[in-house]
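Following: one structure in structure tokens, then a few remarks.
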């Protein structure tokens, strides 16, 4: 088989801690190649070495038939490698054309930007993907799916030979995923290779040709997708025997939650409205109960969470906490009332990247750790050490900057932030988005343990399987309104899909 990319024997260590040890990756021309592994397996480090963000400590890289020494992301682009990250590196306030052409604008007289030609080229590129939009409009005025496709269009405009896609479908709905898959197939047909990184294993069987599995900084397997099962992939990532996993079962989340005796009312929302995206929202949450919010993107799920946590001001309705009319009108008030809120956007609204694991974990707990203006550092370190151990957070030490952790471990730190305040109510917006199978199971186990202790959970998830198996009750929303409620036991994915399909019909 001809090879476009060959990475062999790649080593990388940070502060003496090995991140990669003899890792390898090879991709053929015109191939869609999946890269999978648990968070912390080394996928991101390997990609950052390929794209010039990190320098390798050992090993060789050959690209397009020649030894390659890429020392910067710009160098990777010039070599024909384009990367589309999970958190899109675009400029929302700039036009579509500016985002596509940035740094490569056509010039007039060698100095002035030829905007007419730039707009023409951008429209020409987008037409390849069936996109007909105003390229002069700000990119942020379009949907996440359009922005994702614009990022791909930029890669194509740079004549990329290899396009790296990091969790490209994490923020897309089913119809948008279908469009993205069509684009990936067209890239493959044009001879462009795609390195596809995703935690949604089902996607790989539809779009990928081969799959490489990493574990603990090593490449442990590379195989054709044809003839491979989802169980084989999970076993490879976990280092387990497929038969053992099948007998143990992979879906334990919420298995006992429906059997928990529901306690006192923790939270009651009546007629809550914050604007057109959330209107007339009602909910009653008890101790030891998980309520799921179901709906498609834009249905009003996150708006409901923000209203309850005091982020968005109520224009109508009321929220009672613990039987008292004491609706939190700010996040600080919500925290004081015993609320924790794991936001959907880990990067923008969750972590503080330049602060340490310790500082991120204890952020909400600081008022309880402070006396006379002094933080009890000994108690703080005791709390952090406890949660690092209890949640299995993989970090060199508690002073390591959180930005250096894998996505799954960052998510565990954020979850620990709220567990540390001993909450009554946990609002979890996409708690397992962008994390691997192993981290997902661990996070779900943590949620389950909290519920067993009497915590009430409001769960938002775009994964139907997760919300169906995890929730005692699902409130289905569409266009900011409650359409129906489903109660477990008895909810299936088909039931939820039918409810969503009915809401779409009503919306039309």
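The values are calculated or read from the model by the stated rules, or taken from the named source; none is laboratory data. If you're wondering where the values come from, they're calculated on a predicted model, not measured in any experiment. Here Cβ is always computed from backbone atoms with ideal geometry, including for glycine, and neighbour counts include all displayed protein chains.
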Requested in this report: Name the residue, out of 220, 211, 163, that is in a strand (DSSP E or B), under 20 Å from the mean Cα position of the chain (by Cα) and at pLDDT 85 or above.
Outcome: 163
Query - Selected residue (only one of 70, 10, 47 is in a loop (DSSP other than H, G, I, E, B) and surrounded by 19 or more Cβ atoms within 10 Å (Cβ to Cβ)) - result: 70
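So which residues in region 79-106 are outside any loop (DSSP other than H, G, I, E, B) and either at pLDDT below 85 or surrounded by fewer than 12 Cβ atoms within 10 Å (Cβ to Cβ) (or both), if there are any at all? It would help to see each step written out before you state the result.
Going through region 79-106, the residues outside any loop (DSSP other than H, G, I, E, B) turn out to be 79, 81-84, 95-101.
Hit for region 79-106 is 84, nothing else.
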Query raised in the report: Out of region 264-284, which residues are within 18 Å of residue 423 (Cβ to Cβ) and in contact with a helix residue (DSSP H, G or I) (Cβ under 9 Å, 6 or more places away or on another chain)?
Result: 267, 269, 283
Report task. Identify, from the list 271, 292, 288, 298, the residue that is in a strand (DSSP E or B) and on the phi > 0 side of the Ramachandran plot. Result -> 271
Requested in this report: Considering each residue of region 109-137, count those that are touching a helix residue (DSSP H, G or I) at 6+ places or on another chain (Cβ under 8 Å) and more than 30 Å from residue 4 (Cα to Cα), and give that number.
Outcome: 9
Query - Sole exception among (1) over 29 Å from the mean Cα position of the chain (by Cα); (2) loosely packed, with under 14 Cβ neighbours inside 10 Å; (3) under 26 Å from residue 188 (Cα atoms) for residue 127, by number - result: (1)
Query - Number of positions in region 223-234 that are touching a residue at least 60 places away in the same chain (Cβ under 8 Å) and in a loop (DSSP other than H, G, I, E, B) - result: 1
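How many residues does region 173-195 contain that are within 17 Å of residue 433 (Cβ to Cβ) and buried (at least 17 other Cβ atoms within 10 Å of the Cβ)?
The initial filter retains those residues of region 173-195 that are within 17 Å of residue 433 (Cβ to Cβ), namely 173-174, 176-177, 180.
Filter again for buried (at least 17 other Cβ atoms within 10 Å of the Cβ), leaving 176-177, 180.
Counting residues in region 173-195 that are within 17 Å of residue 433 (Cβ to Cβ) and buried (at least 17 other Cβ atoms within 10 Å of the Cβ) gives 3.
Before we move on, is residue 53 surrounded by 14 or more Cβ atoms within 10 Å (Cβ to Cβ), touching a helix residue (DSSP H, G or I) at 6+ places or on another chain (Cβ under 8 Å), within 15 Å of residue 404 (Cβ to Cβ) and not assigned by TED's automatic domain parsing to the domain that holds residue 404?
yes
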Query raised in the report: How many residues are within 16 Å of residue 302 (Cβ to Cβ) and touching a strand residue (DSSP E or B) at 6+ places or on another chain (Cβ under 6 Å) when one looks only at region 431-462?
Result: 5
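Could you say whether any residue in region 401-414 is in a strand (DSSP E or B) and over 15 Å from the mean Cα position of the chain (by Cα)?
Of region 401-414, the ones in a strand (DSSP E or B) are 401.
Among the residues that remain, those that are also over 15 Å from the mean Cα position of the chain (by Cα) are: 401.
Within region 401-414 (the criterion being in a strand (DSSP E or B) and over 15 Å from the mean Cα position of the chain (by Cα)), the answer is yes, since at least one residue qualifies.
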Query raised in the report: From the set of residues in region 188-222 that are touching a strand residue (DSSP E or B) at 6+ places or on another chain (Cβ under 6 Å) and without any contact (Cβ under 8 Å) to a residue 40 or more places away in the chain, which is nearest to residue 45 (Cα to Cα)?
Result: 220
Query raised in the report: Under the condition of being under 15 Å from residue 118 (Cα atoms) and in contact (Cβ under 8 Å) with a residue 60 or more places away in the chain, which residue from region 134-154 is surrounded by the most Cβ atoms within 10 Å (Cβ to Cβ)?
Result: 150
Requested in this report: Answer yes or no: is there a residue in region 285-301 that is at pLDDT 90 or above, within 28 Å of the chain's Cα centre (by Cα) and more than 20 Å from residue 453 (Cβ to Cβ).
Outcome: yes
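Residue under question is residue 67, and the condition is that it be more than 27 Å from residue 409 (Cα to Cα) and either free of Cβ contacts under 8 Å to residues at least 40 places away in the same chain or outside the structural domain of residue 215 (by TED's automatic domain parsing) (or both); does it hold? Walk me through it before giving the result.
Details: more than 27 Å from residue 409 (Cα to Cα): yes; either free of Cβ contacts under 8 Å to residues at least 40 places away in the same chain or outside the structural domain of residue 215 (by TED's automatic domain parsing) (or both): yes.
In short, yes.
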Query raised in the report: Mind checking whether some residue in region 344-364 is surrounded by fewer than 22 Cβ atoms within 10 Å (Cβ to Cβ), modelled with pLDDT under 90, touching a strand residue (DSSP E or B) at 6+ places or on another chain (Cβ under 6 Å) and farther than 17 Å from residue 383 by Cβ?
Result: yes
Query - Hey, residue 391 modelled with pLDDT of 90 or more, buried (at least 17 other Cβ atoms within 10 Å of the Cβ), outside the structural domain of residue 452 (by TED's automatic domain parsing) and within 25 Å of the chain's Cα centre (by Cα) or not - result: no
Report task. Give the residue that is modelled with the highest pLDDT, with candidates limited to residues of region 142-160 that are within 14 Å of residue 131 (Cβ to Cβ) and outside any helix (DSSP H, G or I). Result -> 142
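Which of the residues that make up region 476-491 are closer than 16 Å to residue 466 by Cβ and at pLDDT below 90?
Going residue by residue through region 476-491, those that are closer than 16 Å to residue 466 by Cβ are 476, 486, 488, 491.
Listed by number, the residues that qualify are 488, 491.
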Report summary line: Exactly one of 458, 414, 426 is in contact with a helix residue (DSSP H, G or I) (Cβ under 7 Å, 6 or more places away or on another chain), crowded, with 21+ Cβ neighbours inside 10 Å and closer than 13 Å to residue 294 by Cα, and that residue is 458
